[in-house]
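The values are calculated or read from the model by the stated rules, or taken from the named source; none is laboratory data. The structure displayed is predicted, hence computed values, not measured ones. Backbone-built Cβ (ideal geometry, glycine too); neighbour counts: all protein chains shown. These accessible areas exclude ligands, DNA and RNA; they are computed on the full protein's heavy atoms, side chains included. Shrake-Rupley method; radii C 1.70, N 1.55, O 1.52, S 1.80 Å.
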Amino acid sequence: MNFTRFLSLFMIAAFLLLLVPGQALADQGVVITLPDDNQTVNDDNTSVFVEGSNRYGYLTVDSMQVIPSGTDVEITVHYSVTPWIAFLVFLFGKQDLKNRVLSVVGYPETGKDSQVVTYAYVDNSRAIITVKNAVIDYGDGSYWYPAHTFGTVIPKLTFVLGPTETKTYTNMQVMPKGFGYFQ
């Protein structure tokens, strides 16, 4: 049997095994109710944002580094992926992982059509993206990084503004004010 056929049969078997426990619970009449507050909770916490945490679905964000260059920024996100999801990412591709990373970094921002995001690298522990037009240029060597909201809490957020200048924030989800800098 060739490898492609074997892989296809393996994926079908894995998918069917994922369905069996859910069907068995449904046959037993198990009802799952959600709390009435504004936070959604499920068993393995793989597809919801838990408010106040650094988890976004199956991603657990460790740190983020932002390096501005002109009006563009290069963002490196360090995270971990739930192990069994990492296997699915390997099997089915990285598109969902890329979408989640974009949700975590909060780019492109709504209503800002000039912001273009490109991936330089992505794997199960880190992603490097470039965002065009994320910073405001005043034309005299001064720039403004505007207020921004991230998709989850970032435990360590570092802005590298120059060879000797950095700004570091901890447990940041919303930057209500931006900041200015020179390059």
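Quick notes
- Kirkwood hydrodynamic radius (C-alpha pairs) into Stokes-Einstein, the stretch 55-182, 10 °C and 1.306 mPa s, D in µm²/s: 105
- Extension gain for THR71-ASP140 works out to 23.6 nm (0.36 nm per residue, less the C-alpha to C-alpha distance).
- Extended-chain gain in nm, criterion 0.36 nm per residue less alpha-carbon gap, ALA86 and ASP113: 6.5 nm
- The stretch 103-183, accessible surface, carbon-and-sulfur percent (1.4 angstrom probe): 53
- 5 angstrom amide H check on ILE154, placed H, neighbours 5+ away: MET172, GLN173
- Under the Karplus curve 6.51 cos²θ - 1.76 cosθ + 1.60, θ = phi - 60°, whole-Hz ³J(HN,Hα) for the stretch 129-134, x wherever Gly or Pro sits: 10, 10, 10, 7, 6, 8
- Pairwise label distance in nanometres, LYS94 with SER53, each label 7 Å out on the Cα-Cβ vector: 2.6
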